[in-house]
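Enquirer: If you scroll down you'll find the structure; I have some questions about it.
The values are calculated or read from the model by the stated rules, or taken from the named source; none is laboratory data. Here the structure is a predicted model, which is why all the values come from computation and not from measurement. Note that each Cβ is placed from the backbone with ideal geometry, even for glycine, and that neighbours are counted across all protein chains shown. Surface areas here come from the heavy atoms of the whole protein model, side chains and all, with no ligands, DNA or RNA. Shrake-Rupley method; radii C 1.70, N 1.55, O 1.52, S 1.80 Å.
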Amino acid sequence: MSAATQPTGPSAAADPVDHPHASVYDHGFVRVAAVTLPVALADPATNAERHLEVLRDLHDQQVGIAVFPELSLTGYSLDDLVMQEPLLDAAELAVLTVLEASEDLMPIIVLGAPLRAKDRSRVFNCAVVIHRGQILGVTPKQNLPTYREFYERRWFAPGDDACNEQVRLGGQFAPLAPHGIITVEDVPGLKLFVEICEDMWVPIPPSAEAALAGATVIVNLSGSPITIGRAEDRKLLARSASARTQSAYVYAAAGEGESTTDLAWDGQTFVYECGDLLGESERFPQGVRHTIVDVDLDRIAAERRRQNTFDDNRRTHADALEKYQTWNETNLFGPWAPADLWDDESDDVDDDEVPAPILLGGRRRAAQAQHDARSAETGAELLELRNPPATGPLRRPHDRFPFVPDDPALLALDCYEAYNIQVAGLVRRLQQIGGDKPGGARPVIGVSGGLDSTHALIVCARAMDRLGRDRSEILAYTMPGFATTEHTRSNAELLSRAIGATFETIDIRPASTQMLKDMGHPFGAGEPVYDVTFENVQAGMRYDYLFRLANHHGGIVVGTGDLSELALGWCTYGVGDHMSHYGVNAGVPKTLIQHLIRWVISEGIFDAATAEVLRAVLDTEISPELIPTAPGQKAQSTEDSIGPYALHDFTLYHMLRRGYGPGKIAYLAHQAWGDQAAGEWPSGYAKADHREYSRAEIKHWLTVFTKRFFSNQFKRSALPNAPKVLAGGSLSPRGDWRMPSDAASAAWLAEIERDVPEE
């Protein structure tokens, strides 16, 4: 078993079957397995038993789709033996053996076999799709290679135009379905299409059209002998296919047992989803290997819905897509046949054994509604859908920090690109307003000693380097208020001086006190009243000074607020940290900024003295420092007030980039954050900061996020210019997010209350 097949969620005992988080199938996933296994060359009976041994194990792991290599029941490297009647007879019997045994197995089985045409004049290289004792489809290989080491047209008939052909199976005949798509009714969004090996390598593969016709999961049964570099070529093609078609691509290649007379085999298996590798198995294995992962069908649907050109492309090719059809339908969990197909007196189906569905959120209701509509359409009285089994933890990569890659190399690349996007944005803005030469428009920035202003300052420094200007033309101000600590004030000064900026301190306390007094606020009369007005007067005063200083010195105010703060509305509207002439951090979430600063240190962009101050900033707790702290009291903490940024950024990503509802987000959050010992942590993330969150905590902070996100849209509607940084999205009303400021959050909050458990 490959590492990719291991569960990576919370390590606690499995949830009971009726728990909302018990099954991945209740949250838009389907569990798939790409399998390679030792083949007994030209011995279909033995291969059938080997298939069934694997399938029984996959059944116990609640796998929904199991994909085997090309010609898996006979072996691919048969050469002229594939034309022999004994071999073809045995292949048919092997298919029937698996078909009969499949009645007791959960997976939809996709295996390979050579099958004779009805008139016995040709042989087709077929993928047979089997489920619960039924053949759902027989797909012939459409593109037969006859070049280099391949001679397939010597033995097989091409299947691209074989939709009217039938093949023999145990004295009966099954129609070929080169353009068939199989719909799984009780797993919303699951539409399965099969292609075989070479079909992936042609300029317009069948899967491209099938995806436009609605297929969401593409499986590829492959023989594919191995040569140097071919494994990466396969992954390149599969990744490209899954990215372009916004689908899942499940690939299984032949391996151990194939003939090495002239070729070699590596048994490669992998699964891609929308261009992302979900898992792969080791190559050149001895024994069975499989990649078992959970494919996110909701993600596929959301990407296609959001990417309108996908459907535009479908309309362009509408004529070519007419040949694609839903070839067959099934239910993964049962029942597996219309009620009127069972004899009324039969004991095969006991209504008492078919429990009423547990309606978990909208997904089971949607599946049952589709099921009922099907019943009305066909006139057949279908039984109630069965519930999915408990599956245990989610089996796929799921980052705690979706904006922060776990892979150190990828994280470094992301930081390189993010930092340079920010720098390039500021450079272009300064160039436009005469800041491309010494003495031109100057960056004016408020430096607090916290993460955001620190990062904005080092962006300014790099921008001045790019423009060929001296860093002393950066005007950096620290403006201590009633709760500013010496630690942060000192960090602000040390950093400003270390990078060579012109630094100045402006004490805002006298002006703030006067404003509060003029307003009749109790603090103006000496009373210790620390309310929102008290905080916002300080925040607004700082930016009032910055804007006037920019006027006075011929500069622009560089905004420091980040993406996470914008999502939560954690900024003072108008002349406050909400506003600037140009924002450099508005496209960067809080959880990424600390890694950007670490990357800047590691790259040696600044000298050792600057790096030392940057490390001190990283060790400082996030705080607005607006409320004075009495001796012995804990200082004001942002995360104590609005919640952990780790959870908020997790929610933001899945809401903004994926379009998920809070029910699914809470499920994913518990999978990622329910056990601090499970899964990977980003490079450089201190072990002391590793933590986990209970379902109750996740529900609470998800509610906080939802309320704040909706109620603070008016702030995002009036954002200053700032570059989009992440594919995960931005909140600019001009760039990536459009939302009315008066939208209600009632539907989202109702889903939290209904679908998110607390224990």
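Enquirer: Once the other residues with Cβ under 13 Å from the Cβ of residue 106 are scored (Lys, Arg +1; Asp, Glu -1), what is the net sum?
Expert: -1
Enquirer: I'd like the Kirkwood hydrodynamic radius of the range 234-302, using the inverse of the mean 1/r over distinct C-alpha pairs, in Å.
Expert: So the Kirkwood estimate lands at 12.9 Å.
Enquirer: How would the range 81-138 be classified by its alpha-carbon gyration tensor: rounded, prolate or oblate, with rounded meaning a/c under 1.5 and the a/b versus b/c comparison settling the rest?
Expert: Numbers: a/c = 2.62, a/b = 2.01, b/c = 1.30.
It comes out prolate by the Cα gyration axes.
Enquirer: Let me ask something additional. If you wrap a convex hull around the alpha carbons of the range 169-237, what volume per residue comes out, as a whole number of Å³?
Expert: Cα-based convex hull of the range 169-237, divided per residue, equals 130 Å³.
Enquirer: Students often get this wrong, so check it: of 590/699; 437/724; 118/323; 590/715; 118/141; 664/707, which have C-alpha atoms separated by over 24 Å?
Expert: With Cα atoms farther than 24 Å apart: 437/724.
Enquirer: How far is helix 230-245 tilted, in degrees, relative to the longest principal axis of the Cα atoms in the chain, given as a value from 0 to 90 rounded to the nearest 10?
Expert: Once rounded, the angle reads 70 degrees.
Enquirer: In whole percent, how big is the carbon plus sulfur part of the accessible area of the chain, probe 1.4 Å, protein atoms only?
Expert: Whole-percent figure for carbon plus sulfur exposure: 50.
Enquirer: Please work out how much length the chain gains when fully extended from residue 301 to residue 232, using 0.36 nm per residue of separation minus the C-alpha to C-alpha distance, in nm with one decimal.
Expert: 22.1 nm
Enquirer: Enter the accessible area per residue of the range 547-677 (Å², integer; probe 1.4 Å; all protein chains in place).
Expert: I get 33 Å² per residue for this part.
Enquirer: Now, a different point. Largest first, what is the accessible-area ranking of 590, 707 with a 1.4 Å probe?
Expert: From most accessible down to least: 707, 590.
Enquirer: A follow-up question, please. Under Stokes-Einstein, with the Kirkwood radius over Cα pairs standing in for Rh, what whole-number D in µm²/s applies to the chain at 10 °C and 1.306 mPa s?
Expert: In µm²/s, the coefficient is 55.
Enquirer: Follow-up question, since we're still on this one. Which of 513, 602, 523 sits farthest toward the positive end of the charge dipole of the range 494-620, with +1 on the Cβ of Lys and Arg and -1 on the Cβ of Asp and Glu?
Expert: It is 602.
Enquirer: How many angstrom lie between the Cα centre of the range 151-206 and the Cα centre of the range 694-716?
Expert: 47 Å
Enquirer: Taking every DSSP beta bridge with both residues inside the chain, roughly what % is antiparallel (nearest 5)?
Expert: 50 percent
Enquirer: Taking the range 104-255, how much of its Cα-Cα pair set, in percent, is spaced more than 25 angstrom apart?
Expert: On the way: 3177 of 11476 pairs.
Looking at the range 104-255, the distances longer than 25 Å represent 28 percent of pairs.
Enquirer: Residue separation times 0.36 nm, minus the C-alpha to C-alpha distance between residue 470 and residue 316: what's the value?
Expert: 50.0 nm
Enquirer: Hey, another quick one. Using a ≥ b ≥ c from the Cα gyration tensor of the range 625-759 (square roots of the eigenvalues), is it rounded, prolate or oblate, where a/c under 1.5 gives rounded and otherwise the larger of a/b and b/c decides, a/b for prolate? Before the final figure, lay out each step's value.
Expert: Numbers: a/c = 1.40, a/b = 1.16, b/c = 1.20.
It is rounded, given that a/c, with a ≥ b ≥ c, falls under 1.5.
Enquirer: Nearest 0.05, what FRET efficiency do residue 172 and residue 79 give at R0 = 30 Å with Cβ-Cβ as r? Could you put the intermediate results ahead of the total?
Expert: Details: r = 29 Å, r/R0 = 0.96.
With a Förster radius of 30 Å, E is 0.55.
Enquirer: Now a separate question. Projecting each Cα onto the charge dipole of the chain (Lys/Arg +1, Asp/Glu -1 at the beta carbon, about the Cα centre), which of 238, 564, 447 comes out farthest on the positive side?
Expert: The residue sitting most towards the positive pole is 447.
Enquirer: Can you pull a Stokes-Einstein diffusion coefficient for the range 477-574 at 20 °C (1.002 mPa s), Rh from Kirkwood over Cα pairs, as a whole number of µm²/s?
Expert: 143 µm²/s
Enquirer: In addition: Not counting ligands, DNA or RNA, and with a 1.4 Å probe, what is residue 230's accessible surface area in Å² rounded to the nearest 10?
Expert: 30 Å²
Enquirer: Then there's this: Using a 10 Å cut-off on Cβ atoms, rank the peptides 595-607, 267-279 from the highest mean neighbour count down.
Expert: So the peptides 595-607, 267-279, ranked by packing, come out 267-279, 595-607.
Enquirer: Moving to a separate point now. For every helix of n ≥ 4 consecutive DSSP H residues, a contribution of -39,500 (n - 2.57) applies; sum these over the chain, divide by its total residues, and give [θ] at 222 nm rounded to the nearest 500 deg cm²/dmol.
Expert: That comes out to -11500 deg cm²/dmol.
Enquirer: Quick check: net charge around residue 741, other residues with Cβ under 12 Å of its Cβ, Lys/Arg +1 and Asp/Glu -1?
Expert: +2
Enquirer: Something else: Take the alpha carbon atoms of the range 117-137, find their center, do the same for the range 457-499, and report the distance between the two centers in whole angstrom.
Expert: The range 117-137 and the range 457-499 have Cα centres spaced 71 Å from each other.
Enquirer: Oh, and also: For the range 177-334, what is the convex hull volume of its Cα atoms per residue in Å³? Kindly include the intermediate steps, with their values, before the conclusion.
Expert: Details: hull volume 19.8 nm³, N = 158.
Given the Cα convex hull of the range 177-334, per-residue volume reads 125 Å³.
Enquirer: Would you mind pulling out the separation of the Cα centroids of the range 644-664 and the range 264-295, in Å?
Expert: Computed from Cα coordinates, the inter-centre distance equals 29 Å.
Enquirer: How charged is the neighbourhood of residue 511? Take every other residue with its Cβ under 12 Å from the Cβ of residue 511, and add Lys/Arg as +1 and Asp/Glu as -1.
Expert: +1
Enquirer: Compute the accessible area per residue over the range 32-87, keeping the other protein chains in place, probe 1.4 Å, unit Å².
Expert: Dividing the accessible area of the range 32-87 by its residue count gives 33 Å².
Enquirer: How do 250-257, 503-510, 713-720 rank on mean C-beta neighbours within 10 Å, highest first?
Expert: Result, highest mean Cβ count within 10 Å first: 250-257, 713-720, 503-510.
Enquirer: How tilted is helix 361-378 with respect to the longest principal axis of the chain? Cα atoms for both, answer in degrees (0 to 90, nearest 10).
Expert: 40 degrees
Enquirer: For a test of the definition: using alpha carbon positions, the gyration tensor, and the 1.5 limit on a/c, classify the range 410-489 as rounded, prolate or oblate.
Expert: Details: a/c = 2.76, a/b = 1.25, b/c = 2.21.
Oblate is the answer for the range 410-489, as a/c is 1.5 or above yet b/c matches or exceeds a/b.
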